[in-house]
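Data first, discussion second: the structure below is written as structure tokens.
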Amino acid sequence: MSMEEMVEEADVIFYGTVVGVEDQNDPVYAENVKYYTLGDDYAKIGGFEPVFKIIESFKGDLKDQLVDAKFHYQTEWTNCDRLYKIDYSYIFFGNYDDEGTIRTNICMMGGIVKDLALLEEIRDHTKIE
């Protein structure tokens with residue numbers, strides 16, 4: 001799939017830094033964490049429910065999704081969910097589900113940004129003409 005197609009299919013695209021994780025605040029955490037063999041202290045370095053400080057928004061309006069100017073992503077606790085590391089910057093591609101919640105998974109474009117040229121490519125595909 002081309003970058004143009006990935007941008008077209010996504011409802012929400014942003015670049016942000018993970019400033020924390022909220023895994024332990026999720027009511028299904030205790031039940032589901034036993035399936036993730038990451039050790040008891042994994043939430044100190046990252047997790048599945050990140051809190052993002054948005055650096056740049058490319059597509060979609062997140063204003064009604066922000067709490068204290070941060071986006072709190074809630075996982076579905078599946079083996080398709082991404083693990084996010086605190087203090088790392090990510091490109092996030094997401095779609096709204098039937099309940100209006102933003103969802104992403106490891107099969108969608110996204111991940112740690114290692115090359116800032118990727119951001120320029122996304123900017124090029126999201127420019128309003």
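I want to confirm something. Restricting to the stretch 102-128 and keeping residues that are of a type in the set (A, V, I, L, M, F, W, C) and without any contact (Cβ under 8 Å) to a residue 60 or more places away in the chain, which single residue is surrounded by the most Cβ atoms within 10 Å (Cβ to Cβ)? For the stretch 102-128, the residue satisfying everything is Leu118. In the stretch 66-80, the residues that are closer than 18 Å to Asp97 by Cβ form Cβ pairs under 8 Å with partners that are assigned to a loop (DSSP other than H, G, I, E, B) and of a type in the set (Ser, Thr, Tyr), at six or more places apart or across chains, as follows: Tyr73/Thr104; Gln74/Thr101. If you go through the stretch 46-73 and pick out every residue that is charged (D, E, K, R) and crowded, with 20+ Cβ neighbours inside 10 Å, you end up with 1.
Considered as a group, the residues in the stretch 23-42 that are modelled with pLDDT of 70 or more and in contact with a helix residue (DSSP H, G or I) (Cβ under 9 Å, 6 or more places away or on another chain) include one that is surrounded by the fewest Cβ atoms within 10 Å (Cβ to Cβ), and that residue is Gln24.
Pairs, please: C-beta under 8 Å, at least 6 apart or cross-chain, first residue closer than 14 Å to Glu76 by Cβ and free of Cβ contacts under 8 Å to residues at least 60 places away in the same chain and in the stretch 86-101, second in a strand (DSSP E or B) and of a type outside the set (Phe, Trp, Tyr)? Close Cβ pairs satisfying both conditions: Asp97/Arg103.
The values are calculated or read from the model by the stated rules, or taken from the named source; none is laboratory data. No experiment lies behind these values; they were computed from the predicted model shown. Positions of Cβ are backbone-derived with ideal geometry, glycine not excepted, and every protein chain shown enters the neighbour counts.
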